[in-house]
Every structure is written in structure tokens, then in C-alpha cells.
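Have a look at the structure below before the remarks.
The values are calculated or read from the model by the stated rules, or taken from the named source; none is laboratory data. It should be emphasised that the depicted structure is a prediction, and the values quoted were computed from it without experimental measurement. Cβ sites come from the backbone with ideal geometry, for glycine too, and all protein chains shown count toward neighbours. Heads up: the accessible areas ignore ligands, DNA and RNA and are worked out on the full protein's heavy atoms, side chains in. Shrake-Rupley method; radii C 1.70, N 1.55, O 1.52, S 1.80 Å.
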Amino acid sequence: MSKSQLNAFMVKVDGDAALKARVDAATSVDAVVAIALEQGHVFSPASWTRSQRV
């Protein structure tokens, strides 16, 4: 489920300039995960890190 949640969050970020700005301004992976959780998406910091390596 984490991968589908991550993908859904990334789609949401791509479509929302304000949300994208918040994610871009985040100072840690944990901050990004917290923003995602606020938006209703649950995934691990490791999942986010892996997605950013591609």
C-alpha cells in the first residue's frame, strides 16, 4: 500500500503549486512524510527516499 500512497501523493504534488512549494521547502524526509500525512497519504521515509533516487 505504501507505493500506491506515495504515487498518489506525487500526483497530487504535481497538480498543486502550493503543495509542491511546501514539499520543495521541506528540510527533511520526515517533514515531507508529515506533509503527506496531512494530505491523507501514508508512506515511509524510506519509500520517499527511494522514489527520489530515480
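Quick check on this structure: which one of F9, F43 is part of a helix (DSSP H, G or I) and touching a residue at least 24 places away in the same chain (Cβ under 8 Å)? Exactly one of F9, F43 is part of a helix (DSSP H, G or I) and touching a residue at least 24 places away in the same chain (Cβ under 8 Å), namely F9. Mind listing just one residue for me: the one in region 12-37 that is closer than 13 Å to W48 by Cα and not in a helix (DSSP H, G or I) and, of those, most open to solvent (accessible area, probe 1.4 Å)? That would be S28. Right, S51: of a type outside the set (D, E, K, R) and in contact with a Ser or Thr (Cβ under 7 Å, 6 or more places away or on another chain) or not? No, not satisfied.
If only residues of region 1-11 that are over 10 Å from the mean Cα position of the chain (by Cα) and of a type in the set (S, T, N, Q) are counted, the one that is surrounded by the fewest Cβ atoms within 10 Å (Cβ to Cβ) is S4.
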